[in-house]
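Asks: This is the structure I want to talk about, given as structure tokens.
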Amino acid sequence: MSLEVIEPGFLTTVQDAGRPDWTHVGVPTGGACDRWSLAVANLLVGNPPGAAALEMTLVGGVFRAMTSLRIGLAGSDLGGHVRETGRRLAPGQAHLVAAGSTVAFPGVPDANVGARAYIAMPGGIDVPEVLGSRSTALAAGFGGLEGRATRRGDVIVATAEADRAAGPRDSTQAQNSSNPWPESVWPADDADHETGAPIRIIGGPWSGSGDLVANSWRVAAGSDRVGLRLEGPTIDLDDRADLPSFGVIPGSIQVPPDGVPIVLLADSQTTGGYPVMAVAIAADMPRLGQLRPGAEVRFAETTMAAATDALRRQQAALDRGARLLRESATWDDAWQGAGG
């Protein structure tokens, strides 16, 4: 099962759950900016939640299905559709795509729409593991497709195991648009992934989180997978002395000398010397990963206990969704076997 890249989009890369075990030697965690959506896309096609998938940013790619296949879509709605038929490809759903079809994700020019969408293929994307991950480290130039974004002519291949596991049924059914089984729909209540709520933070070693909470911020145009640059009032820290470098993690909110905060994302460095005034909680990192330039963002202080509870509830929602998908697939198998 494979997709040929006709147009790569603004920034389309192979990403998985990242490589968190190498930060001690300066390797960024990397991986998907929105791991919730990565997990949903993968679960829709029966993969482990952290399997390698395509991450599209702002303007997605255009792909030709070289074989019939099933794809899982999640994250932002980038206007996905099948060009030949106009069939809509909605996120939060698995879709069967017939061989020879062209799928396009032209993007939506709306600051209120998320920045990233994910395409999962059964078994995950077949690229080599580097340091235990298939994710693309753009700055270092390794992982994914030779350490780079996709480009025209690339062929995105699902694993050979997935080809064998899918069997002929998917290929046959994909040709029959009147009965596109099994186009699974994500069933879980994702209340912990709501987009309108403030980003919850825990105060860092430097005071100033109150300034974050008291103001509304806008994502600046220079934002990327390394971090979100925020537009708003400048923050003056009394103890802004020259600092030795210290460890930082995705979610750290730094204040550089110009006083304009930066929220670190998946590809951020592992050390830094700017004051850290707060850290976004892990459960809200997927929402930060969906903020595009021009989007408004607010912050709210929380506690470690509340942050831990939010992460547990988010994981429970993923587990519940995965279980319901398995039960639905079992019912569909039984129904098909009975001639339904």
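Asks: What does the charge count around ALA53 come to, taking other residues whose C-beta lies under 14 Å from its C-beta (Lys +1, Arg +1, Asp -1, Glu -1)? Can you show the working numbers first?
Replies: Details: positive: ARG35, ARG70, ARG116, ARG134; negative: ASP16, ASP34, GLU55, ASP126.
Surrounding charge for ALA53 is 0.
Asks: In whole percent, how big is the carbon plus sulfur part of the accessible area of the chain, probe 1.4 Å, protein atoms only?
Replies: 54 percent
Asks: Then there is this: Between beta-carbons, use under 13 Å as the cut-off and find the net charge around LEU3, counting Lys and Arg +1, Asp and Glu -1. Show your work: numbers first, answer last.
Replies: Working: positive: ARG64, ARG70, ARG152; negative: GLU4, GLU7, ASP126, ASP154.
Spelling it out: positives minus negatives among the neighbours equals -1.
Asks: Provide the gained length on full extension for the span GLU183 to ASP224, in nm with one decimal, where the gain is 0.36 nm per separating residue minus the Cα-Cα distance.
Replies: Here the segment from GLU183 to ASP224 would lengthen by 11.5 nm.
Asks: For the peptides 56-66, 79-89, what is the packing order when you average, over each peptide's residues, the other Cβ atoms within 10 Å and list the highest mean first?
Replies: Top of the packing list down: 56-66, 79-89.
Asks: Once R0 is set to 35 Å, what does the formula 1/(1 + (r/R0)^6) return for the Cβ-Cβ distance between GLU4 and LEU131, expressed as a FRET efficiency to the nearest 0.05?
Replies: About 0.80, to the nearest 0.05.
Asks: Pull out the extension gain between SER245 and ALA300, defined as 0.36 nm times the separation in residues minus the alpha carbon to alpha carbon distance; nm, one decimal.
Replies: Details: separation 55, 0.36 × 55 = 19.80 nm, distance 2.71 nm.
Full extension from SER245 to ALA300 adds 17.1 nm.
Asks: Net charge near LEU138, counting Lys/Arg +1 and Asp/Glu -1 over other residues with Cβ under 10 Å of its Cβ?
Replies: Neighbour charge sum, excluding LEU138 itself: 0.
Asks: Could I ask something else about it? Only one of the listed values, (1) 24.3; (2) 20.7; (3) 23.3, was derived from the coordinates as Kirkwood radius over Cα pairs in Å; which label is it?
Replies: (2)
Asks: What list of ³J(HN,Hα) values in whole Hz, one per residue of region 143-151 in order, does the Karplus curve 6.51 cos²θ - 1.76 cosθ + 1.60 (θ = phi - 60°) give from phi, with Gly and Pro shown as x?
Replies: x, x, 8, 6, x, 9, 6, 5, 9
Asks: For a paramagnetic label modelled at 7 Å from the Cα of ASP319 toward its Cβ, which residues of region 1-42 fall within the zone defined by backbone nitrogen distances under 18 Å?
Replies: Taking a point 7 Å out along Cα→Cβ of ASP319, the residues of region 1-42 whose backbone N falls under 18 Å are 36, 39-40.
Asks: Any idea what the relative contact order of the chain is, in percent, if you count C-alpha pairs under 8 Å spaced at least 6 apart?
Replies: 20 percent
The values are calculated or read from the model by the stated rules, or taken from the named source; none is laboratory data. What you see is a predicted model, and the numbers here were worked out from it, not measured in a lab. Please note: Cβ atoms are built from the backbone with ideal geometry, for glycine as well, and neighbour counts cover all protein chains shown. To get the accessible areas, we keep the full protein, side chains included, count just its heavy atoms, and leave off ligands, DNA and RNA. Shrake-Rupley method; radii C 1.70, N 1.55, O 1.52, S 1.80 Å.
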